[in-house]
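The values are calculated or read from the model by the stated rules, or taken from the named source; none is laboratory data. Just so it is clear, the model here is predicted, and its values are computed rather than measured. Side chains are part of the model used for accessible areas, which takes the heavy atoms of the whole protein and leaves out ligands, DNA and RNA. Shrake-Rupley method; radii C 1.70, N 1.55, O 1.52, S 1.80 Å.
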Amino acid sequence: MAHRFLLSTNRFSARFAFIFTVSLSCTYLCYSIIFCRSTIMTNQGYEGKRCPPSKNAGGKKLLGKLDNCASLELRSALDESAAQRGSSDLRDQSKAPASSGSHWADMKLRNMSVAQKYGNKKLPNALIVGVKKGGTRAVLEFIRIHPDVRALGTEPHFFDRNYDRGLDWYRGLMPRTLDSQITLEKTPSYFVTREAPRRISSMSHETKLIVVVRNPVTRAISDYTQTLSKKPDIPTFEELAFKNKSLGLVDASWNAIRIGMYILHLENWLQYFRLSQMHFVSGERLITDPAGEMGRVQDFLGLKRIITDKHFYFNRTKGFPCLKKPESSSQPRCLGKSKGRTHVQIEQEVIEQLQEFYRPFNIKFFETVGQDFKWD
């Protein structure tokens, strides 16, 4: 009897131990699942809170610090940008499909958005330094299409009028950019400002300089036309351009004439910069072949050729190329009302006298830069 009772007790103990072990295992499994899920969700929420964008971090530096953070927009945008720049399939942009225009427009907007959130304000890598009435505004507007360029829209006149405000003030004017982007500004009067080359060189010896040049006679007439629209009572073009018209003595002290003596200004720049740091854009070709001229500008800046023929159309009313309408905009982008203004009519004899005056300056300029702009 005692033996049977003992056997029954052992069986009950074994069953109890088995049931207890199974229950404990199930409880542990459920607890593990619930705990892991809670940890993952908590970490995700915590990561988003503990990783605010750093105000002093550029795009690529920021990526290293936010490796586990919720900066997916920044990483995806930069990764796509790098992939696009490095893709051998897109080297020939002239063969890109028609839909690629909207792709690059979207990429530009995305890069701008990311730069505004995570970028830094940096001193410019490149400057459009001249010349007035040569086509500098067109170059600025056209190059701003590029997703890897961020440009200041207004002319800061730092190196000619506001230099005493200091580099910190100048940097504060710039748009925010990522490390992979170029910061650009344009002030055409820099080219003829004596102190500008030395001051820019003091900022950076490696600054890239873009100079937009145009037939100096046409440029002078355009310059005068702009002034006349603001000051209708000024003397005639002929009175300002000549000391003695009958003798053909040109007044080289008049600013509209002096600007077109390009070689004299260039010699000042070459005391501080290598010629290889300067790129000369033809104002005439910028009108007849904007894609070709902008292709060379992109090459000079070390950018992929994204701006191509598909971005332009010729506006016959203005006599200038305009940017085609991106899908995100309701209308094309043309230069302002002051561009394409009808020039004052000048006698052919006056034009020929000025051409003769500029000829020796032009020849030396062509020889120095290694380009013949064919202004005669």
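From the cross-link list 121/231; 117/230; 208/231; 208/364; 186/304; 208/374, which pairs have alpha carbons spaced over 32 Å apart?
121/231; 117/230; 208/231
Hey, can you grab everything whose amide H is under 5 Å from the amide H of residue 312? Only 5+ residues off in sequence or another chain; H modelled, so Pro and N-termini drop out.
Amide H neighbours of residue 312, under 5 Å, 5+ apart: 324.
Sort the stretch 108-168 into rounded, prolate or oblate with this rule: let a ≥ b ≥ c be the square roots of the eigenvalues of the Cα gyration tensor; rounded if a/c is under 1.5, and if a/c is not under 1.5, prolate when a/b is larger than b/c, oblate otherwise.
Taking the square roots of the gyration eigenvalues as a ≥ b ≥ c, the stretch 108-168 is oblate.
Search the structure for amide H atoms under 5 Å from the amide H of residue 182, placed 1.01 Å from N in the peptide plane, and list their residues when 5 or more places away or on another chain.
Counting only residues 5 or more places away or on other chains, the set is 149, 150.
Using the Karplus equation 6.51 cos²θ - 1.76 cosθ + 1.60 (θ = phi - 60°), what ³J(HN,Hα) coupling, rounded to whole Hz, does each residue of the stretch 177-183 give in order, writing x for Gly and Pro?
9, 7, 4, 7, 9, 9, 9
Take the stretch 176-266, compute every pairwise Cα distance, and split them into 10 Å bins from 0; I just need the percent in each bin.
With a bin width of 10 Å, the distribution comes to 13, 36, 28, 16, 6, 1.
Hey, can you find the accessible area per residue of the stretch 120-264 for me, probe 1.4 Å, expressed in square angstrom?
Per-residue value: 39 Å².
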